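Some notes on the structure that comes next.
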Amino acid sequence: MNVLEIRGLVKTFTLHTIDGRTVGALHGVDLDVARGEHVALAGSSGAGKSSLLRCVYRTYVPTAGRILLRTSEGTPVDLAALPDSEVADLRGRELGYVSQFLRAEPRRAVLDVVARAGAARGMDPEAARDSAATALRRLGIDERLWAMHTTVLSGGQKQRVNLAAGTISPPRLLLLDEPVSALDPVNREAVLAMIADLTDAGVAVLSVFHDLDAIERLATRVVVLEEGRVAADGPPAAVLRDSELNLEVAR
Amino acid sequence: MRTVTELAGTGGPRGIFDELSKREVRRAALTAVAVPGYQVPFGSREMPVARGWGSGGLQVTLALVGPGDRLKVIDQGEDGGVNAANLRRLVVGHVGCEEETDTRRATLIQSRHRIPETPLRADQTLVLQVPVPEPLRAVEHDVREQRRMHAQEDYARMWVGLYEDLVRNGVVTKSAGYPCMVNGRYLISPTPIPRFDVPKLDQAEHLTLFGAGREKRIYAVPPHTRVEPLVFEDVPFEVEHTPGAACRHCGATASYLVEVPSMDGAVAWVCSDTDFCTRNREVR
Amino acid sequence: MSWALKVDGLGRVYGEQGPRSLPGTGPEHGTSVSPATGAVVAAWDVGFEVAPGEALGIVGESGSGKSTVMRCVAGDERPSRGSAYLSAYDDGRTDVLALDDGARRRLRIDRVAVVYQDPAAGLDLDTSAGGNIAERLTAAGGRHFGRIRERAAELLELTEVPLSRMDDPVRTFSGGMRQRVQIAKALANRPPVLLLDEPTTGLDASVAAGVLDLLRNLLERLGVAAVVVSHDFGVIEMLTRRVMVMQHGRVVETGLTDQLLEDPQHPYSQRLVAAARG
Ligand SMILES: [Zn+2]
């Protein structure tokens, strides 16, 4: 069953502050992600991978097309047309997003950031703290850091805290934008294992990874984007072998 | 047919207060009775009394009093004071009513600092002279804002004043003119009467009219009207009382007592209400 | 009903109220001053809803009309037209903008609270911190001194004001501390709607950060519906999840807060965001 169905997605930026020119990012993308499926987006930088994730999360305003999310209540909603407040309500429990940007919430303790994310999704505050602790432990965040503000963390630590916050009480559809880009090999292993578990638990994942190895290990399907269009869609081994992007992606 | 001017009387030697002015005061007083505690504006006149000696009270008295009345005027509880006597004579000379010092026999009583100890009856009227009628002046100087606060029954800042007093001093220090809610609606300042006299206004048999000459305001507490001092539920309203004090003349302990200098330097107390004290002595 | 506060078609014109004052004003004309009448169309056709537990931001430069909207909703000013509803007042059936002054004022006791940029606008500086809170509590009928003290202490604790300062006049407080007292007072009667007008503007950066953290925590915890007016995207980003951009008295864009910052649509929004990003 598809959790996400994207049809004819177009995203164009109009740059009013420059000269009003328009820049196309996505030119009619179709894409499905089923429950328990991990679809990795591949393609050169500028191909529209991040834009696609942001359109789904509605950080970007889709210009045209439909983005159907089948919520846990079973009704499909069109994220491209949904009122802001309803999108905001879906965020968290139904729709999760872990950004590559190492934005940390200022002046808030590590454990707090993760626990509050859980509480915001309706978890009991006590249970949220327990789950937060479990996730942080699993992701190798030293317990001595938990009471510190996130701003003191290294890039890799922030990335893992973001992931912990984004996956506590896992959403139905998880959008991952280069979640391991700043990690050393050991921590990277922990994160990849956690993402694999999420897929096994039925979470639909749509991801952007900058390394081929992660895609091969996690993705159940790969969609290659080229200049804002789908260039290939299929099993990871076949797509990556056939694609001339191999080197590009791996680099 | 007589002209309005003739009806109003002339400004001759006895015409300190013409008929038109009386009528205006009566109208204001009637409004005041109809809306208990509400300060009704009226066109206050210049009165031949010393400044600060109750031109407002005098105008109310003159508007109410008739030849058949018995008028009692007290100053600080005394009938015999120079001011009280002068004022009484002024009205009596003008109207031709009787002078009276016995609270029980008076039909009209004008006062400033006290309400007589002897409970007043339904057939008696108390006129209180008010120097500062506006209780909100303590917390707000802007007259328009004061009016808004009354209109919207927005007295929170009075409560804050009480709160601050309690926090700073541990007790409510306000004594004379203690702010009271009338009929659960309007806040009044009951003139410089001591707290001791405030309960006498609550559900009283008699009508009390308050006249403020300089401020041009008349307000009223009609008979059988609630008069509740502003107090927090858990901080009881306490009236002035000195344990062990008794009147040097009549021995009363439950009347309002004032300190007087005594020969031997010790503290001595006497009733502030001289009429009450005299009769109390006779009883004993 | 999903909203705690709903505003429809709000307009505020200074000067001639007639329809002649509208043409030639708004973003497309680059002015809010009517060429025909000289009237200032400070706000026009502004509408929004805020859900319990949600914070809506209103951004724009000075003169954009954002503070006018706030003042009209707060009851500090009468709008020229429009209506507003509170789910906590008559189940949202009564237009609270049409209430008389007294009724509007009473809404401020326990239904809609405002935190102003200038603490002196929301506080009596010569009254103690506790006394300022007592004002709100007694306005709501509180008549028990002990319980008023208790609740005031609780609120000061909530807003991280040292209890040792409870009985000091607010005038002796620092700017950040005054703002905390103002927030405590605003929350005194647990209003379901909270309006914040540039709540950290004018404070030193570190002090502002502390007040902002406090507001963030309170909004998360209390479940109030909040409207945050600010020219500062940092404040908007931290406190709100949806935002409305105003220019020359009109709403030019509404969106999710992250969307406005990442993908602003209107030319004016793009300029604002670009300027904020330096
Ligand atoms: Zn005596």
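The values are calculated or read from the model by the stated rules, or taken from the named source; none is laboratory data. Note that the coordinates shown come from a computational prediction; the quantities given were computed from them, not determined experimentally. Glycine also receives a Cβ, built like all others from the backbone with ideal geometry; neighbour counts cover every protein chain displayed. We work out accessible area using only protein heavy atoms, side chains counted, and drop any ligands, DNA or RNA first. Shrake-Rupley method; radii C 1.70, N 1.55, O 1.52, S 1.80 Å.
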Test: residue in the stretch B:201-224 that is away from the ligand (no atom under 16 Å from the Cβ), hydroxyl-bearing (Ser, Thr, Tyr), modelled with pLDDT of 95 or more and open to solvent by less than 50 Å² (accessible area, probe 1.4 Å): yes
Qualifying position, being modelled with pLDDT of 95 or more and either in contact with a strand residue (DSSP E or B) (Cβ under 8 Å, 6 or more places away or on another chain) or within 23 Å of A:Gly36 (Cβ to Cβ) (or both), among A:Val223, A:Val249, A:Val239: A:Val223
Meets criteria (basic (Lys, Arg), open to solvent by 10 Å² or more (accessible area, probe 1.4 Å) and more than 10 Å from chain A (Cβ to nearest Cβ)) for C:Arg277: yes
From the options B:Ala176, B:Ala252, residue that is among the hydrophobic types (A, V, I, L, M, F, W, C) and within 16 Å of the ligand (Cβ to nearest atom): B:Ala252
One residue from B:Cys277, B:Cys271, B:Cys247 being buried (at least 16 other Cβ atoms within 10 Å of the Cβ), farther than 26 Å from B:Val127 by Cα and either away from chain C (no Cβ under 14 Å) or away from the ligand (no atom under 15 Å from the Cβ) (or both): B:Cys247
So C:Glu198, is it away from chain B (no Cβ under 11 Å) and open to solvent by 40 Å² or more (accessible area, probe 1.4 Å): no
Evaluation of C:Ile148 against (1) open to solvent by 30 Å² or more (accessible area, probe 1.4 Å); (2) facing chain B (nearest Cβ under 9 Å); (3) among the β-branched types (Val, Ile, Thr) (one fails), failing number: (1)
Criterion: of a type outside the set (S, T, N, Q) and either farther than 28 Å from C:Gln259 by Cα or over 15 Å from the mean Cα position of the chain (by Cα) (or both) - qualifying residue of C:Gly57, C:Gly38: C:Gly38
Residue in the stretch B:176-194 that is farthest from C:Arg104 (Cα to Cα), counting only those that are in contact with an Asp or Glu (Cβ under 7 Å, 6 or more places away or on another chain) and surrounded by fewer than 21 Cβ atoms within 10 Å (Cβ to Cβ): B:Pro194
Cβ-Cβ under 8 Å pairs, at least 6 apart or on other chains, the stretch C:79-95 side at pLDDT 95 or above, far side hydrophobic (A, V, I, L, M, F, W, C) and exposed (fewer than 15 other Cβ atoms within 10 Å of the Cβ): C:Ser83/C:Ala98; C:Ser87/C:Met1; C:Asp91/C:Met1; C:Gly92/C:Met1
Among (1) open to solvent by 30 Å² or more (accessible area, probe 1.4 Å); (2) outside any loop (DSSP other than H, G, I, E, B); (3) without any contact (Cβ under 8 Å) to a residue 40 or more places away in the chain - the single one B:Val160 does not satisfy: (1)
Residue within the stretch B:117-139 that is in a loop (DSSP other than H, G, I, E, B) and within 14 Å of chain C (Cβ to nearest Cβ) present: yes
Residues (at the interface with chain B (Cβ under 9 Å from one of its Cβ atoms) and open to solvent by less than 10 Å² (accessible area, probe 1.4 Å)) located in the stretch C:113-142: C:Ser128, C:Gly130, C:Gly131, C:Asn132, C:Ala134, C:Thr138
Residue count for the stretch C:155-170, restricted to those that are surrounded by 14 or more Cβ atoms within 10 Å (Cβ to Cβ) and either more than 8 Å from chain B (Cβ to nearest Cβ) or in contact with an Asp or Glu (Cβ under 7 Å, 6 or more places away or on another chain) (or both): 11
